[in-house]
Amino acid sequence: MKPVYQRLSLFFDGEAAYTFVPIEPLGAQSLTIHRATGDIVLNPPNKAVPSTATRYEKTVYGILGMISLALSEYVVIMTGREHRARFLGHDIYRAADFDILPLNPSVSVQYPSHPVEGHLLALVRAHLFGGYFLFSYTFDLSRRLQAQWNESGSDATRPLWEQADDRFFWNKFLQSRLIDTEIAQDLSPYILPIVYGTFDLRTAYIHGHKIQLCLISRRSRYRAGTRYFRRGIDHQGHVANFNETEQIVLVEESAAGRISNSEIFTHKLSFVQTRGSVPVFWGEINTLRYKPDLQIMDLQDTVDAMRLHLKEQISLYGEQCLINLVNQKGYEQPVKEAYERIVAQTELPEARYRYFDFHNECKHMRWNRINILIERLQEDLLNFGYFHLNMNTSQVEPAVKLQNGVVRTNCMDNLDRTNVVQAALAKWTLNYQLKSLGVLTEGEELDDFQALSQDFREIWADHADLISRAYAGSGALKTDFTRTNKRTKLGLLEDGYKSVMRYIKNNYFDGTRQDGFDLVTGAWTPRKNPITAVSLLADTRPLIIRSVPYIASFSLFMICAGLTLPRTSDYSLLYYFMLWFMIAMLSIIFIMLHGIEYVSWPRLIPPTDIIHYNGPGFRSAHHGKGLMGPLGKRFATPRKAIAANGIGRKRAPTNYMEEIEKGTKSRVD
């Protein structure tokens, strides 16, 4: 395998080219990107940098790829990294700082000449600095240990980017310019894959055994996005918020109670779980109310889409145990019923559905009742097993035990309830693994060893927080139970604060965050002419819609000002307060009645087909559309939205889009 260069020096040859020179090894082939043509050239070994070139003041720790916006193409480089751990002899890093370099010499990244270009650059920048990106120069973080073992023979001749799991190769779209060239194999030392996920590693000693506990999550780049703007499944079988979570346990038998710095472990064990949105066509439409309108779309290919999803999971992981934690009553009930109805129609014996009424079983803080679910799943957990690589030197070849199935867990968001259940299953499995190895005796449990138990709780709680921030904009709820094994009143207060933060971010900030996902992952590509994308910045709502928040703000200001005005009696300002209070209340009522108009919707790929869906299915309510429906023209038909925004996105055939416009079909994607 060709190693990826870990440090590069960047040279600017005036306005002609960018040249990347590896710092180590000396004399390696440098890479030149010509700014005028965009050509990528691999130079001969030991080629000198032109004397006219100027060295960039920062060290480059990797090229994340290239992205084309409205005015120019840009090179995205990593200029800062944070060392997270050393794992199995490999250094694991988090990308910490980024720079964006324009190819067009007349374009300035700091001061773009067109507001559309500035907006798109801001989306890229916000996505890079708002994500949690992990990488290694020598280890494939995108694949679980079992997949690496299964493909170990071919990995020796493949570069790192070819080994990467396509689902979790987050910058695959950015790297496509390098990957699609005829010299992609030669460019391999410059192609660095990154993973959007979590990584944590802790070390403990039990009964003379050195134990490393590692937790890795990998987020799929397909149907990626934010909480309310990416729900359910698409027509290719990809689901929103899909994460693969791998708990790895490394055990060294020769530590004998002393501190060991060895990176060679006798036993390598891996337990994989997955999570993903309910695999039917559904969404939640923000209306400024705390609970959005629930929309379930009964499309003709729903069964086919779910079958695609489950067949892919079965081919990758083996048998599936589908754990559904959605409430069986109230607001969430239609989602549960749709899931159960469609999964029954898929008729896949390798995918077994299990329901657990989480909120009902665990109400009044009876969190110990999660054990009921674990007892129900024990047979599946034992049958699925886990990956175990025994490197005992007394054996001729390593002994291998494979995991042949996974538990796929979901709730509505695949965050809070899912985190609690996944942590509980991981804890049961860890106890079982350590007892199988003889590290724990039959009467001992993980909780009997404070250091390892605390590490386990902390890495799972931190993991839950990071996944939740990526999808919902705030830390996970219920993490007090994960961290302490107890549900506390303080934890309830913290959850209340996080819920408020989620509400604010999901309604007022997630639109641009979703645009960042769509732009960086390639779900939306801009045209070269920024004039065609002016609607990305324009506010097309009617004047009355735009003016009411200002009226409400001015009314509140006048009420506050009235508190400081002099008065001759207690009643002298009564009518003054009544007037402004009434105007403020009418303004707030108007805003709530037209709530859809005040939500920060994505502009690159607006969810028009979900908002205006009128086909078969279920709709909980039609809030936020005003008394007579939407006043503005903010939500055009899908085809008009494409033309207005300059979307170059891969879409369904034309006749399918025409059916959407005629109202005979509705596409959710």
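Numbers below:
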read-out: Residues within segment 418-468 that are touching a residue at least 12 places away in the same chain (Cβ under 8 Å) and either among the charged types (D, E, K, R) or not assigned by TED's automatic domain parsing to the domain that holds Tyr355 (or both), tallied; value: 8
read-out: Failed item in (1) in a loop (DSSP other than H, G, I, E, B); (2) in the same structural domain as Phe169 (by TED's automatic domain parsing), with Lys2 passing the rest; value: (2)
read-out: Elements of type helices (runs of 4 or more DSSP H) contained in segment 432-510, each with 2 or more residues being under 21 Å from Asn371 (Cα atoms) and out of contact with any strand residue (DSSP E or B) (no Cβ under 9 Å at 6 or more places or on another chain); value: 450-472, 479-484
read-out: Residue match in segment 496-511 (condition: within 26 Å of Asn241 (Cα to Cα), in contact with a Pro (Cβ under 7 Å, 6 or more places away or on another chain) and buried (at least 18 other Cβ atoms within 10 Å of the Cβ)); value: yes
read-out: Selected residue [buried (at least 19 other Cβ atoms within 10 Å of the Cβ), over 22 Å from Leu537 (Cα atoms) and of a type in the set (Gly, Ala, Ser)] from Gly27, Gly80, Gly14, Gly62; value: Gly62
read-out: Count of segment 367-388 residues which are within 24 Å of Lys478 (Cα to Cα) and among the acidic types (Asp, Glu); value: 1
read-out: Test: Ser142 is buried (at least 16 other Cβ atoms within 10 Å of the Cβ), assigned to a loop (DSSP other than H, G, I, E, B) and of a type in the set (Ser, Thr, Tyr); value: yes
read-out: Residue satisfying condition, being over 23 Å from Gln273 (Cβ atoms) and among the small types (Gly, Ala, Ser), within set Ser136, Ser142, Ser188; value: Ser188
read-out: Candidates Leu69, Leu88, Leu64 - the one that is within 27 Å of the chain's Cα centre (by Cα) and farther than 30 Å from Ala523 by Cα; value: Leu88
read-out: Close pairs (6 angstrom Cβ cut-off, 6 or more residues apart or separate chains): closer than 15 Å to Thr138 by Cβ in segment 189-200, small (Gly, Ala, Ser) and not in a loop (DSSP other than H, G, I, E, B) anywhere; value: Leu192/Gly62
read-out: Residue satisfying all of: in segment 354-378; part of a helix (DSSP H, G or I) and under 26 Å from the mean Cα position of the chain (by Cα); surrounded by the most Cβ atoms within 10 Å (Cβ to Cβ) among these; value: Phe358
read-out: Any chance Asp304 is closer than 22 Å to Ser620 by Cβ and not β-branched (Val, Ile, Thr); value: no
read-out: Residue in segment 206-218 that is in contact with a strand residue (DSSP E or B) (Cβ under 8 Å, 6 or more places away or on another chain), surrounded by 23 or more Cβ atoms within 10 Å (Cβ to Cβ), assigned to a loop (DSSP other than H, G, I, E, B) and modelled with pLDDT of 95 or more present; value: no
read-out: Subset of segment 413-454 that is over 30 Å from Pro292 (Cβ atoms) and hydroxyl-bearing (Ser, Thr, Tyr) - its residue that is surrounded by the most Cβ atoms within 10 Å (Cβ to Cβ); value: Thr429
read-out: Residue within segment 34-42 that is of a type in the set (D, E, K, R), out of contact with any helix residue (DSSP H, G or I) (no Cβ under 7 Å at 6 or more places or on another chain) and touching a residue at least 24 places away in the same chain (Cβ under 8 Å) present; value: yes
read-out: Matching entry among Val272, Val326 (being in contact with a Lys or Arg (Cβ under 8 Å, 6 or more places away or on another chain) and not in a loop (DSSP other than H, G, I, E, B)); value: Val272
read-out: Enumeration of residues in segment 512-546 that are crowded, with 18+ Cβ neighbours inside 10 Å, not in a loop (DSSP other than H, G, I, E, B) and not hydroxyl-bearing (Ser, Thr, Tyr); value: Arg513, Gln514, Asp515, Gly516, Phe517, Asp518, Leu519, Val520, Pro530, Ala533, Leu536, Ile545
read-out: Matching residues, segment 43-67, being closer than 21 Å to Tyr93 by Cα and part of a loop (DSSP other than H, G, I, E, B); value: Lys58, Thr59, Tyr61
read-out: Segment 299-319 - residue that is of a type in the set (S, T, N, Q) and either assigned to a loop (DSSP other than H, G, I, E, B) or surrounded by fewer than 23 Cβ atoms within 10 Å (Cβ to Cβ) (or both) and, of those, modelled with the lowest pLDDT; value: Gln300
read-out: Checking Pro279 against (1) part of a strand (DSSP E or B); (2) more than 30 Å from Ile591 (Cβ to Cβ), the condition it does not meet; value: (1)
read-out: Failed item in (1) out of contact with any helix residue (DSSP H, G or I) (no Cβ under 6 Å at 6 or more places or on another chain); (2) hydrophobic (A, V, I, L, M, F, W, C); (3) surrounded by 17 or more Cβ atoms within 10 Å (Cβ to Cβ), with Phe387 passing the rest; value: (1)
read-out: Flag if Phe554 is at pLDDT 95 or above, of a type outside the set (Ser, Thr, Tyr) and either in a helix (DSSP H, G or I) or surrounded by 19 or more Cβ atoms within 10 Å (Cβ to Cβ) (or both); value: yes
read-out: Any hit, segment 395-414, residues being in a helix (DSSP H, G or I) and not aromatic (Phe, Trp, Tyr); value: no
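The values are calculated or read from the model by the stated rules, or taken from the named source; none is laboratory data. It should be emphasised that the depicted structure is a prediction, and the values quoted were computed from it without experimental measurement. So basically every Cβ, Gly included, is an ideal-geometry build from the backbone, and we count neighbours across all protein chains shown.
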